[in-house]
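Working notes for the structure below.
The values are calculated or read from the model by the stated rules, or taken from the named source; none is laboratory data. For clarity, every value in this text was computed on a predicted model and none was experimentally measured. Please note: Cβ atoms are built from the backbone with ideal geometry, for glycine as well, and neighbour counts cover all protein chains shown. We work out accessible area using only protein heavy atoms, side chains counted, and drop any ligands, DNA or RNA first. Shrake-Rupley method; radii C 1.70, N 1.55, O 1.52, S 1.80 Å.
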Amino acid sequence: DSLLLADSSNHLIRQISGSAVSRYAGLLGYTPAVDGERSSVRLADPYALAQDGAGNAYLVDPSDHALRKIDPQGRSAVLAGLPGSFGFQDGQGSAARFRSPSGVAVGSDGLVYVADTGNQAIRRVAPDGTVSTLAGGQRGSMDGSGLNAQFNEPYGVAVTADGSLYVADFGNHLLRRVTSVGAVSSVAGSAGQGGFVDGRGSSARLRSPIDVAVGSDGTVFVLDRSNHAVRKLDTAGMLSTLAGNGSAGY
């Protein structure tokens, strides 16, 4: 087994197999992004990636405002968005627009979900590159459905087995849940109230959560950035601290 990671400051995709680290795609050094074969791909600001069951990697690049698909041979192509051009537009391929996307996840059905950070939205991308807005589109903290829901710099996103999503809502200090039809609810934290408190629902506190993952048993893991901690939300809705104590260190 191997792991792919976005090495943002080196502008590379790296592969880790056991203890061996190798270059998977890209060339060292900043440049505007260029698609192509593994050895010639250039990546502006690779930030987050996710893999599907076939080994394809989906990469979001906030500086390039685009979603790229990298095949198992390391060949890169833009799936959605127009590199270097930002906006907020649904559509297919280069007709769609993102603004500083910073999170990505892929479901078992092949649908790709993008935390479109600058647009305060969660976008859904079909295998043919057609982009639709699942939820959000304006800054705020309101729960609701579709375009009526609000986010404040959503970063990490993860897909569950039933097709719903969990979102690390960085600016709101919240963990949000989004159903497959775009209904958004806050499941841990209190909007605008950063802190470090275990508990249920709005009694819990997070501080600038930046990423999220879902385990096979439905447990949600949250990278709680400014608390320097990893938090865990169990299936009963209890948020607890898995690692870290609120202080930076090693």
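Residue check: Thr31 meets all listed conditions (1) at pLDDT below 90; (2) under 27 Å from Ser108 (Cα atoms); (3) surrounded by fewer than 21 Cβ atoms within 10 Å (Cβ to Cβ) but one, namely (2). Of the residues making up segment 30-42, those that are in contact with a strand residue (DSSP E or B) (Cβ under 6 Å, 6 or more places away or on another chain) and either assigned to a strand (DSSP E or B) or among the hydroxyl-bearing types (Ser, Thr, Tyr) (or both) are Thr31, Val34, Arg42.
Only one of the numbered conditions (1) within 18 Å of the chain's Cα centre (by Cα); (2) farther than 18 Å from Val230 by Cα is violated by Val167, and that is (2).
Residues that are more than 18 Å from the chain's Cα centre (by Cα) and open to solvent by 30 Å² or more (accessible area, probe 1.4 Å) within segment 219-245 comprise His228, Asp234, Thr235, Ala236, Met238, Ser240, Thr241, Leu242, Ala243, Gly244, Asn245, listed in sequence order. The set of residues in segment 117-170 that are more than 23 Å from Leu239 (Cα to Cα) and polar (S, T, N, Q) comprises Thr117, Asn119, Gln120, Thr130, Ser132, Thr133, Gln138, Ser145, Asn148. Among residues of segment 191-218 being among the aliphatic types (A, V, I, L, M) and in contact with an Asp or Glu (Cβ under 7 Å, 6 or more places away or on another chain), the one that is nearest to Leu49 (Cα to Cα) is Leu206. Taking every residue in segment 218-230 that is at positive phi and pairing it with any residue that is open to solvent by less than 30 Å² (accessible area, probe 1.4 Å) and in a strand (DSSP E or B), at least 6 positions away or on another chain, yields no pair with a Cβ-Cβ distance below 6 Å.
Listed by position, the strands (runs of 3 or more DSSP E) enclosed by segment 110-169 that each have at least 2 residues that are open to solvent by less than 10 Å² (accessible area, probe 1.4 Å), among the β-branched types (Val, Ile, Thr) and modelled with pLDDT of 95 or more are 112-116, 121-125. Taking the condition out of contact with any Lys or Arg (no Cβ under 6 Å at 6 or more places or on another chain) and open to solvent by 40 Å² or more (accessible area, probe 1.4 Å), does Ser19 pass? Yes, satisfied. The set of residues from segment 171-217 being open to solvent by less than 40 Å² (accessible area, probe 1.4 Å), in a strand (DSSP E or B) and without any contact (Cβ under 8 Å) to a residue 24 or more places away in the chain comprises just one member, Ser190. Looking across segment 80-104, the residues that are crowded, with 24+ Cβ neighbours inside 10 Å, in contact with a Leu (Cβ under 8 Å, 6 or more places away or on another chain) and in a strand (DSSP E or B) come down to Ala80, Val104.
Residues considered: Arg99, Arg38, Arg14. Of these, the only one that is basic (Lys, Arg), at pLDDT below 90 and at negative phi is Arg38.
The residues in segment 43-63 that are open to solvent by 20 Å² or more (accessible area, probe 1.4 Å), assigned to a loop (DSSP other than H, G, I, E, B) and closer than 15 Å to Gly26 by Cβ can be counted, and the count is 3.
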